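Asker: Attaching a single structure in structure tokens format; questions to follow.
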Amino acid sequence: MWRSRLFDVRAGSWPKSILCLLNGYTSDSRLKVSEALSRAASQSEQEAVRVQGWIRSVRAQKDITFLHINDGSSLQSLQIVAPPDLDISKVTFGSAIEVCGKLVQSLHRKQSIELLASNVRLIGSCNPVDLPFKIKQRHSFEYIRQIPHLRCKTNVFSSLLRIRSGASAAIHSFFMNNGFVQIHTPIITSNDCEGAGELFQVEPASKTTEKCHQSHFFGVPSFLTVSGQLHLEVMTGAFTQVYSFGPTFRAENSQTRRHLAEFYMVEAELAFTESLKDIMKVMEHLFKTVTSQILSEYPEDVELFHKYVAPEQKERVEQMLKNPFQVLSYTEAIDILQRSAEIFKFEPKWGCDLQTEHENYLVAHCGNIPVFIINYPYDIKPFYARDNQDIPQHTVAAVDLLVPGIGELCGGSLREERLDLLQTRLKQLDLTDTYRWYEEIRQFGSVPHGGFGLGFERYLQCILGIENIKDVIPFPRFSHSCLL
């Protein structure tokens, strides 16, 4: 019935999309821009295809118009050759279109393939005067950050998002290939893993009675998670290697270029390990494997940043990949800082946490190679860090990975598996009642274990040379700002 009605309609009244199909452009012939650009001349000669995307430029000549279309699959755009018989008067910079035509070998030296259009259909119009991004104009990160709902249209941010997607996939691939089991740790939790108190409390938005104010939705105070670590530790009671990759939240009133209120964290936990070297080995292997894969699979996108955003970063990344990471004890690091001629805003003292200025100095001191700082003072690390029992210094088996331009990228430790020492620490901090369950998992087949967390946005900053962390996440959340 449908077919008979279709062929009763006069051809002149059919929609252009139907005409595309009847001319041989089936749904199977639809190509991404990246696929079209990768076609060899011998493959593409007179090949009928359909391409959809957004116009990046319009160049009208006397007898012909050249359009460049991009669909987000590639940094490069595909050139469309539109003959004069096609009505493209309403097609402008920023418009969404569908083009039917044939891929042919290009005569222009800058591209090997172009699309000779037989039909151009305007899907979404755009007024280029009102569009906040102008053709062939380079906009600053600060400018496009103010327009989060449109900044994906810019070259630099679309490249960033492709790299971010590829890095995420590479991280999952790394862990899967190395025998880790992915765990979906909860976003809402009753635990303050870090113990810093920088928590977002979760409660229903509508509270109409005093009784509601006095109760909790979950029965206990609940928060957005600052880390999935404690839940991963639970899983080391049955799995030797686990990891999670998801959003974490810190209610830190900070406007620095390194901090967000919502960010993504890669976390891993290893059972049956009694050495920080095991943890550090996974950290270094993860960094180098994922980075090498990104450089290999997204060369044009990475080159955009290394050429126009941070010209020095390409050499930095190469140095990080080809050299083994350095190792310093916390005590050695403090000694280096105290003996330096540098004037620090915060005086380096044994027993105090390292500041960003200290971290950057130590990385530079090590030749701008990533450096592990190990064995931190007992009093400045969380309750779960394993006691080294090295009186009088008294340190714990904790490690931070510092990288050029960023400072701390990863933090980890061996976990205190000895029940008596853990109970003593929890009692000192008045946390015994809160962490009864944490003590209990040490009583049923517990093993030495440890793990780490890597800040995903800081990782992207590190490999691309992007100064502000707000420019490596699609919708940044930070104090006094929650656009969209």
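The values are calculated or read from the model by the stated rules, or taken from the named source; none is laboratory data. Quantities reported herein were computed from a predicted structural model and do not represent experimental measurements. We place every Cβ from the backbone using ideal geometry, glycine too, and count neighbours over all the protein chains shown. Heavy atoms of the whole protein, side chains included, go into the accessibility calculation; ligands, DNA and RNA do not. Shrake-Rupley method; radii C 1.70, N 1.55, O 1.52, S 1.80 Å.
Asker: Quickly run through region 393-449 and pick out the residues that are assigned to a strand (DSSP E or B), of a type in the set (D, E, K, R) and open to solvent by 20 Å² or more (accessible area, probe 1.4 Å).
Answerer: Pass one, region 393-449, residues assigned to a strand (DSSP E or B): 395-403, 407-415, 449.
With of a type in the set (D, E, K, R) added as a condition, the list becomes 400, 408, 415.
If the condition is that a residue be assigned to a strand (DSSP E or B), of a type in the set (D, E, K, R) and open to solvent by 20 Å² or more (accessible area, probe 1.4 Å), then Glu408 is the only one that fits.
Asker: Of all the residues that make up region 314-337, how many are open to solvent by less than 20 Å² (accessible area, probe 1.4 Å) and not in a helix (DSSP H, G or I)?
Answerer: Final tally of qualifying residues: 1.
Asker: When region 233-255 is examined, which residues are found to be surrounded by fewer than 23 Cβ atoms within 10 Å (Cβ to Cβ), more than 19 Å from the chain's Cα centre (by Cα) and touching a residue at least 24 places away in the same chain (Cβ under 8 Å)? First the steps, then the outcome.
Answerer: We begin by selecting, within region 233-255, every residue surrounded by fewer than 23 Cβ atoms within 10 Å (Cβ to Cβ); these are 234-235, 237-241, 245-247, 249-255.
Now drop any that are not more than 19 Å from the chain's Cα centre (by Cα), which leaves 234-235, 237-241, 251-255.
Val234, Met235, Gly237, Phe239, Thr240, Gln241, Ala251, Glu252, Asn253, Ser254, Gln255 - these are the residues of region 233-255 that are surrounded by fewer than 23 Cβ atoms within 10 Å (Cβ to Cβ), more than 19 Å from the chain's Cα centre (by Cα) and touching a residue at least 24 places away in the same chain (Cβ under 8 Å).
Asker: If I filter region 279-298 down to residues being over 15 Å from Phe180 (Cβ atoms) and either touching a Cys at 6+ places or on another chain (Cβ under 6 Å) or of a type in the set (Phe, Trp, Tyr) (or both), which single residue comes out as surrounded by the fewest Cβ atoms within 10 Å (Cβ to Cβ)? Show your work before the answer.
Answerer: Narrowing region 279-298 to residues over 15 Å from Phe180 (Cβ atoms): 280, 284, 287-288, 291-298.
Applying the additional criterion that residues be either touching a Cys at 6+ places or on another chain (Cβ under 6 Å) or of a type in the set (Phe, Trp, Tyr) (or both) yields 287, 298.
Details: Phe287: 23, Tyr298: 18.
Step by step, filter region 279-298, then rank; the result is Tyr298.
Asker: Return the only residue of Pro474, Pro448 being over 27 Å from the mean Cα position of the chain (by Cα) and not aromatic (Phe, Trp, Tyr). Give the derivation first.
Answerer: Numbers: Pro474 fails: over 27 Å from the mean Cα position of the chain (by Cα).
Unique residue meeting the criteria: Pro448.
Asker: Is it the case that region 263-278 has a residue that's modelled with pLDDT under 95, open to solvent by 50 Å² or more (accessible area, probe 1.4 Å) and not in a helix (DSSP H, G or I)?
Answerer: The answer is yes, given that some residue of region 263-278 is modelled with pLDDT under 95, open to solvent by 50 Å² or more (accessible area, probe 1.4 Å) and not in a helix (DSSP H, G or I).
Asker: A further question follows. Cβ-Cβ below 7 Å, separation at least six or inter-chain, first residue in region 128-141 and within 15 Å of Ser57 (Cα to Cα), second open to solvent by 70 Å² or more (accessible area, probe 1.4 Å) and basic (Lys, Arg): which pairs?
Answerer: Hits for this filter: Phe133/Lys153.
Asker: A further question follows. Hey, among the residues in region 68-124 that are under 14 Å from Val33 (Cβ atoms) and of a type in the set (D, E, K, R), which one's surrounded by the most Cβ atoms within 10 Å (Cβ to Cβ)?
Answerer: So, considering only residues that are under 14 Å from Val33 (Cβ atoms) and of a type in the set (D, E, K, R), the one surrounded by the most Cβ atoms within 10 Å (Cβ to Cβ) is Glu114.
Asker: On to the next question. Of the residues that make up region 154-166, is at least one modelled with pLDDT of 90 or more and part of a loop (DSSP other than H, G, I, E, B)?
Answerer: Within region 154-166, one or more residues are modelled with pLDDT of 90 or more and part of a loop (DSSP other than H, G, I, E, B).
Asker: Need the failing condition index for Met176 against (1) surrounded by fewer than 18 Cβ atoms within 10 Å (Cβ to Cβ); (2) touching a residue at least 60 places away in the same chain (Cβ under 8 Å), just the number.
Answerer: Met176 satisfies all of (1) surrounded by fewer than 18 Cβ atoms within 10 Å (Cβ to Cβ); (2) touching a residue at least 60 places away in the same chain (Cβ under 8 Å) except (2).
Asker: Moving on to the next point. Considering His231, His213, His172, which residue is assigned to a helix (DSSP H, G or I) and at pLDDT below 85? If you could, list the steps in order and put the result at the bottom.
Answerer: On the way: His231 fails: at pLDDT below 85; His172 fails: at pLDDT below 85.
Answer to the selection: His213.
Asker: Next up: Restricting attention to region 95-136, which residues are assigned to a loop (DSSP other than H, G, I, E, B), closer than 22 Å to Pro84 by Cα and either aliphatic (A, V, I, L, M) or touching a Gly at 6+ places or on another chain (Cβ under 9 Å) (or both)?
Answerer: Ser95, Leu107, Ser125, Cys126, listed by residue number.
Asker: Quick one: in region 338-380, which of the residues that are open to solvent by 20 Å² or more (accessible area, probe 1.4 Å) and β-branched (Val, Ile, Thr) is modelled with the highest pLDDT?
Answerer: My answer is Ile374.
Asker: Then there is this: Does at least one position in region 176-195 carry a residue that is aromatic (Phe, Trp, Tyr) and part of a helix (DSSP H, G or I)?
Answerer: Taking region 176-195 first, the residues aromatic (Phe, Trp, Tyr) are 180.
Subsequent filtering for residues that are part of a helix (DSSP H, G or I) retains none.
No, region 176-195 contains no residue that is aromatic (Phe, Trp, Tyr) and part of a helix (DSSP H, G or I).
Asker: I've got another one for you. Based on this model, can you work out whether Phe383 counts as in contact (Cβ under 8 Å) with a residue 60 or more places away in the chain, more than 19 Å from Glu284 (Cβ to Cβ) and open to solvent by less than 70 Å² (accessible area, probe 1.4 Å)? Explain how you work it out, then say what you get.
Answerer: Numbers: in contact (Cβ under 8 Å) with a residue 60 or more places away in the chain: yes; more than 19 Å from Glu284 (Cβ to Cβ): yes; open to solvent by less than 70 Å² (accessible area, probe 1.4 Å): yes.
Taking the combined requirement at face value, the residue satisfies it.
Asker: I've got another one for you. Just to be sure, is Glu267 acidic (Asp, Glu), touching a Leu at 6+ places or on another chain (Cβ under 9 Å) and touching a residue at least 60 places away in the same chain (Cβ under 8 Å)?
Answerer: Numbers: acidic (Asp, Glu): yes; touching a Leu at 6+ places or on another chain (Cβ under 9 Å): yes; touching a residue at least 60 places away in the same chain (Cβ under 8 Å): yes.
Taking the combined requirement at face value, the residue satisfies it.
Asker: Go through (1) over 24 Å from Leu454 (Cβ atoms); (2) open to solvent by 40 Å² or more (accessible area, probe 1.4 Å); (3) aliphatic (A, V, I, L, M) for Ala169 and report which single condition fails.
Answerer: Result: Ala169 fails condition (1) only.
Asker: Output the residues belonging to region 299-342 that are over 23 Å from Phe372 (Cα atoms) and hydrophobic (A, V, I, L, M, F, W, C).
Answerer: Within region 299-342, the subset over 23 Å from Phe372 (Cα atoms) is 299-311.
Selection gives Val302, Leu304, Phe305, Val309, Ala310.
Asker: Give Val58, Val81 a once-over and let me know the one that is hydrophobic (A, V, I, L, M, F, W, C), more than 16 Å from Gly124 (Cα to Cα) and modelled with pLDDT of 50 or more.
Answerer: On the way: Val58 fails: more than 16 Å from Gly124 (Cα to Cα).
Sole residue among the options that is hydrophobic (A, V, I, L, M, F, W, C), more than 16 Å from Gly124 (Cα to Cα) and modelled with pLDDT of 50 or more: Val81.
Asker: Report, by residue number, each residue of region 54-71 that is touching a helix residue (DSSP H, G or I) at 6+ places or on another chain (Cβ under 7 Å) and within 17 Å of Leu86 (Cα to Cα).
Answerer: Ile69
Asker: For a quick check of your reading of the model, give me the residue pairs whose first member lies in region 49-67 and is under 15 Å from Lys102 (Cα atoms) and open to solvent by 50 Å² or more (accessible area, probe 1.4 Å), whose second is among the acidic types (Asp, Glu) and at pLDDT 90 or above, with beta-carbon atoms closer than 7 Å and at least 6 apart or on different chains.
Answerer: Pairs found: Gln52/Asp71; Gln52/Glu98.
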